[in-house]
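The values are calculated or read from the model by the stated rules, or taken from the named source; none is laboratory data. Keep in mind that this is a model prediction, so the values were computed, not measured. Neighbour counts are summed over all protein chains in view; Cβ atoms, including those assigned to glycine, are modelled from backbone coordinates with ideal geometry.
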């Protein structure tokens, strides 16, 4: 591999990792905001994601340049294609996170049973963060065994978010039958928590792409 | 900041009555690799040879225009072409070591030009040149062996070491890897990326992947005209001219 391509690939990998860290950090801050009941932290969490679109475009353009100039093959090609798709997944995860922050920050002021919701929403968010954090850590791992271990962990966390979301949904629907007047608020909360589940789903896609990059095979959604 | 090493100004060249280069103007930047691409007969090798007056060796050639190297026109009457070729070295398509030892291949020109005298200084220069060409480790124990005993890729690196030995400012390369296998090609390409730190490199290549991999700037020639010149990333990702796009995507040529 020529040195200039190696440097380009490393730069893309680092930029992608940094982009992923922004998504992780934003989610971590928003969790802190909920746990500490500090509304200020929600705007801090949102600010972390400022310019994420610009970062994504920069990485995509570097990838296009790399493909055009170096015509990578085999693992190098798989990495470039995976990275191109991962920027898209991260942009969508960032968008899900922003929506979650925007909607869930209003939850603090609502007159609904917060204890009942937080009992499961906090574990849901922790699992979602764990999934996205693990998938981002995979970017910098090159040992196949370790990548596969991380991949399994992402999938476990993603499944946990599915289950936890299901439990929240079930609980809230029960509550709703007694408090119909608050149905709008409850559905609003439910919709925002769904975004966390989506973040975990993006993490699973990222992990799949990184497995494709490392191991090969065919791209699958 | 990029610095202009060679400024080519309205350069025209004729072989007898046939015009081979038509009003070529471009700047070649210092410590950068510039690739010249284009179909056979487009004038890229002819253009390369104008940069160190190699075309002067052909009787029927007539040249009009300027080639300024560090702001000095190498075609000025008082400029000696041998001194031009010392400053602007050249590596050819086929490795062409002298029928001499590896050591003598490197030492020949520096001794001839009186850059060094025989002895320790000359030994040091030979070693330094071979190290720069990435060949020293492979030949350090057989410096007295003939240069022709080396593999094709090693011979080409020997020729590069020979060029470096006279401390040129610019290295011209005319399809330097077309006779080499992929491994030797990658070694030469890696070497070019190292050498550009100290030298300005201009390369003619038919291999567009090679141009895209190593060159900072690319010039596309067609029928003696410079069609497009710019950053390699622009030429290969967003070419401005349709002819350039057609050529690099293999639609003609």
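Is there a residue in the range B:94-101 that is surrounded by 14 or more Cβ atoms within 10 Å (Cβ to Cβ), closer than 23 Å to residue B:213 by Cα and in contact with a strand residue (DSSP E or B) (Cβ under 6 Å, 6 or more places away or on another chain)? No: zero hits.
If the condition is being within 14 Å of chain A (Cβ to nearest Cβ) and part of a loop (DSSP other than H, G, I, E, B), then the range B:137-196 contributes B:177, B:196. Inspect all residues belonging to the range B:43-61 and state whether any of them is surrounded by fewer than 16 Cβ atoms within 10 Å (Cβ to Cβ) and either under 23 Å from residue B:2 (Cα atoms) or touching a strand residue (DSSP E or B) at 6+ places or on another chain (Cβ under 6 Å) (or both). Checked against the condition, which is being surrounded by fewer than 16 Cβ atoms within 10 Å (Cβ to Cβ) and either under 23 Å from residue B:2 (Cα atoms) or touching a strand residue (DSSP E or B) at 6+ places or on another chain (Cβ under 6 Å) (or both), the range B:43-61 yields at least one hit. Taking the listed residues B:208, B:173, the one that is in contact with a strand residue (DSSP E or B) (Cβ under 7 Å, 6 or more places away or on another chain) and within 27 Å of residue B:108 (Cβ to Cβ) is B:173, with no other qualifying. Picking from residues in the range A:1-37 that are loosely packed, with under 14 Cβ neighbours inside 10 Å and in contact (Cβ under 8 Å) with a residue 24 or more places away in the chain, the one that is farthest from the other protein chains (Cβ to nearest Cβ) is A:37. State which residue is surrounded by the fewest Cβ atoms within 10 Å (Cβ to Cβ) when the search covers only the range B:221-253 and only residues that are outside any helix (DSSP H, G or I) and within 14 Å of chain A (Cβ to nearest Cβ). Per the stated criteria, the residue is B:250. For the range A:76-89, the criterion of a residue being surrounded by 14 or more Cβ atoms within 10 Å (Cβ to Cβ), more than 14 Å from chain B (Cβ to nearest Cβ) and over 23 Å from residue A:216 (Cβ atoms) is satisfied by no position.
Among the residues of the range A:166-189, is there at least one that is at negative phi, under 17 Å from the mean Cα position of the chain (by Cα) and surrounded by fewer than 20 Cβ atoms within 10 Å (Cβ to Cβ)? No, there is no match, as no residue in the range A:166-189 is at negative phi, under 17 Å from the mean Cα position of the chain (by Cα) and surrounded by fewer than 20 Cβ atoms within 10 Å (Cβ to Cβ). Taken over the range B:108-136, residues that are more than 20 Å from residue B:192 (Cα to Cα) and not in a loop (DSSP other than H, G, I, E, B) amount to 10.
Among the residues of the range B:199-209, those that are more than 10 Å from chain A (Cβ to nearest Cβ) and either at pLDDT 95 or above or not in a loop (DSSP other than H, G, I, E, B) (or both) comprise B:199, B:200, B:201, B:202, B:203, B:204, B:205.
From the list A:140, A:126, the lone residue that is under 26 Å from residue A:91 (Cα atoms) and not in a helix (DSSP H, G or I) is A:140. When the range B:211-220 is filtered for residues that are away from chain A (no Cβ under 12 Å) and over 18 Å from residue B:31 (Cβ atoms), only B:220 remains.
Table: residues versus (1) farther than 19 Å from residue A:128 by Cα; (2) at pLDDT below 95.
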position	(1), (2)
A:13	yes, no
A:17	no, no
A:21	no, no
A:26	no, no
A:29	no, no
A:37	yes, yes
A:41	no, yes
A:47	yes, no
A:55	yes, no
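Scanning the range A:38-72 for residues that are away from chain B (no Cβ under 11 Å) and not in a helix (DSSP H, G or I) turns up A:38, A:39, A:49, A:50, A:51.
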